[in-house]
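J.: Can you read through this structure? Questions will come right after.
The values are calculated or read from the model by the stated rules, or taken from the named source; none is laboratory data. These numbers were taken from a predicted model, which means no experiment stands behind them. With ideal geometry, Cβ positions are generated from the backbone for all residues, glycine too; neighbour counts draw on all protein chains shown.
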Amino acid sequence: MSSRLSGKVCIITGTGGSIGREAALTFAREGASVVGCDANVDAAEETSEMVRCEGGTMASLHPCHLGDPGHCRALIDFAMRTFSRIDVLFNNASTTHFNWLEDISDEEWTRNRRGELDLVFYLTRAAWPHLKASRGVIVNTASLAALMSFRNLGSLAHTTATAGIIAMTRQLAMEGRDHGIRANSISPGMIETDETRNHLQDPGSADSIVGKTLLGRLGRPEEVANVALFLASGESSYVTGVDIVVDGGMRVW
Ligand SMILES: NC(=O)c1ccc[n+]([C@@H]2O[C@H](COP(=O)([O-])OP(=O)(O)OC[C@H]3O[C@@H](n4cnc5c(N)ncnc54)[C@H](O)[C@@H]3O)[C@@H](O)[C@H]2O)c1
């Protein structure tokens, strides 16, 4: 184990998922005490086991439904009860609904906003007093879809919500500056995860996506987790209010 997050208590949401799991393992290897959570009990438990098997420190609250402000407060209380402080909040979890303007219902639009935007607001608001106390760090998760459109993807609600995450992050950085809080976001491109594996079943769409990356391949969850680690650690001490694109060069080509 090395020590880039030694002594830090880091909340990571969605630790049952691909990127959240890698982030939990990565942060724990760097000495963090990790607080995980997920709506999916079995997956969250599995991640905790993996971290503990490696000798890392992790507590996890599951099931936890972050679209409910009460659950967000419960997660923060759980972190404080367990580790007495919060240094890093990595808002990684989200649930996305893809559809086109002509097909999306009001209910689906609202569900997407709740699943991508509201949960970040609720949890960040609940964590804020503790982040002020620790002069902490926020790492949010947006998406390449916030910055560009994909011809085959009905992502109206997704692009709108994730652009909101980038804007929210900038505002949080401004509001946090007097308290020593830094806030940044990550915009992943196409990362090979449980969620994207389905899209990639179709060889046509897999080729068109891979062909649009400069690096000629999809990203790996740990390549997002490593950027989150940089933003969570003191190595990024002069970085705030920005969005870092992790897309293998998809956006520039
Ligand atoms: N995988 C990609 O290519 C990609 C691209 C751009 C952005 N992202 C973003 O990165 C993040 C992680 O992506 P992933 O691919 O690891 O996803 P994933 O589906 O593998 O994991 C997400 C986890 O979050 C949990 N979760 C979702 N909503 C929740 C809620 N309201 N309360 C509690 N838990 C909840 C899920 O149960 C799941 O375990 C997401 O925000 C996603 O939108 C991913």
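J.: If only one of GLU107, GLU116 is of a type in the set (D, E, K, R) and more than 15 Å from the chain's Cα centre (by Cα), which one is it?
T.: GLU107
J.: Are there any pairs, at least 6 apart or on different chains, whose C-beta atoms fall under 7 Å, with the first in region 210-238 and over 16 Å from ALA24 (Cβ atoms) and the second loosely packed, with under 12 Cβ neighbours inside 10 Å and of a type in the set (Phe, Trp, Tyr), and if so, which?
T.: Going by the 7 Å Cβ cut-off, the qualifying pairs are LYS212/TRP253; LEU214/TRP253.
J.: Would you be able to tell me the number of residues in region 44-101 that are within 14 Å of the ligand (Cβ to nearest atom), assigned to a loop (DSSP other than H, G, I, E, B), in contact (Cβ under 8 Å) with a residue 60 or more places away in the chain and not aliphatic (A, V, I, L, M)?
T.: Number of matching residues: 5.
J.: When you go through VAL210, VAL224 one by one, which is the residue that is within 13 Å of the ligand (Cβ to nearest atom), of a type outside the set (Gly, Ala, Ser) and under 15 Å from the mean Cα position of the chain (by Cα)?
T.: Matching residue, one of VAL210, VAL224: VAL224.
J.: Report the residue count in region 216-246 for those that are part of a helix (DSSP H, G or I), buried (at least 20 other Cβ atoms within 10 Å of the Cβ) and in contact with a Ser or Thr (Cβ under 7 Å, 6 or more places away or on another chain).
T.: Going through region 216-246 one residue at a time, the tally reaches 3.
J.: If you don't mind, there's one more thing I want to ask. Output yes when any residue across region 177-188 is at positive phi and free of Cβ contacts under 8 Å to residues at least 60 places away in the same chain, and no when none is.
T.: Yes, the conditions are met somewhere in region 177-188.
J.: Which ones in region 148-160 are assigned to a helix (DSSP H, G or I) and touching a residue at least 60 places away in the same chain (Cβ under 8 Å)?
T.: ALA157, HIS158, listed by residue number.
J.: Does LEU144 fit the bill of being modelled with pLDDT of 95 or more, of a type in the set (A, V, I, L, M, F, W, C) and either crowded, with 16+ Cβ neighbours inside 10 Å or more than 9 Å from the ligand (Cβ to nearest atom) (or both)?
T.: yes
J.: If ASN198 satisfies all but one of (1) without any contact (Cβ under 8 Å) to a residue 60 or more places away in the chain; (2) surrounded by fewer than 20 Cβ atoms within 10 Å (Cβ to Cβ); (3) within 16 Å of PHE90 (Cα to Cα), what's the number of the condition it fails?
T.: Condition not satisfied by ASN198: (3).
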